Amino acid sequence: MTRTVRHSLAAAATIILLGSSQTALAQSSCTSATCGVVNRVELVEKKGQGSGLGLIAGGVVGGVLGHQIGSGRGNTAATILGAGAGAYAGNEVEKNAKKSSYWSVAIRMDNGYTRNFTYTNQPPVHEGEHVRLIDGGRRLARVSG
């Protein structure tokens, strides 16, 4: 057998053995407080807080645009209406620009308690899967069986 073929076979055998030992390790280290079933995985989007800057800028722009409409009392009404609409729109734009999102995961632990975790990235688990908490829940690993 050539040297390259022997090395390839050795590498393949190592990968197979390591893969099965990691699965066995995940199963053997499960306790009722570290393993459970995923109940919920959902993306939560939270609107940002307005600082007032969008409100003021929108009000000024809306007032200027409203002032361009009509003359006399109609002009005054259009200016006030434009300022109000602009302030509202500016505040909403600022909130949307500052929104954040995170993943919320609820796990029904084997001991009966439900624990909730939040992650910045989508977790690699789905509802109904049996998982083990790693590093106190900072990471999740699927458990077979």
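Numbers for the structure displayed
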| item | result |
| --- | --- |
| Cβ-defined net charge surrounding residue 92, 14 Å radius [Lys, Arg +1; Asp, Glu -1] | +3 |
| Solvent exposure of the stretch 30-132 as accessible area per residue, Å², 1.4 Å probe | 63 |
| Chain lengthening between residue 32 and residue 81 when straightened (0.36 nm per residue, less Cα-Cα) | 11.5 nm |
| Computed lengthening from residue 142 to residue 45, 0.36 nm per intervening residue step minus Cα-Cα distance | 32.3 nm |
| Accessible area (Å², 1.4 Å probe, nearest 10) - residue 143 | 20 |
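The values are calculated or read from the model by the stated rules, or taken from the named source; none is laboratory data. These figures come from a predicted structure and were not determined experimentally. Positions of Cβ are generated from backbone atoms using ideal geometry, with glycine treated the same way; all protein chains shown enter the neighbour counts. Each accessible area value is taken on the protein alone, full model and side chains, heavy atoms only, with ligands, DNA and RNA left out. Shrake-Rupley method; radii C 1.70, N 1.55, O 1.52, S 1.80 Å.
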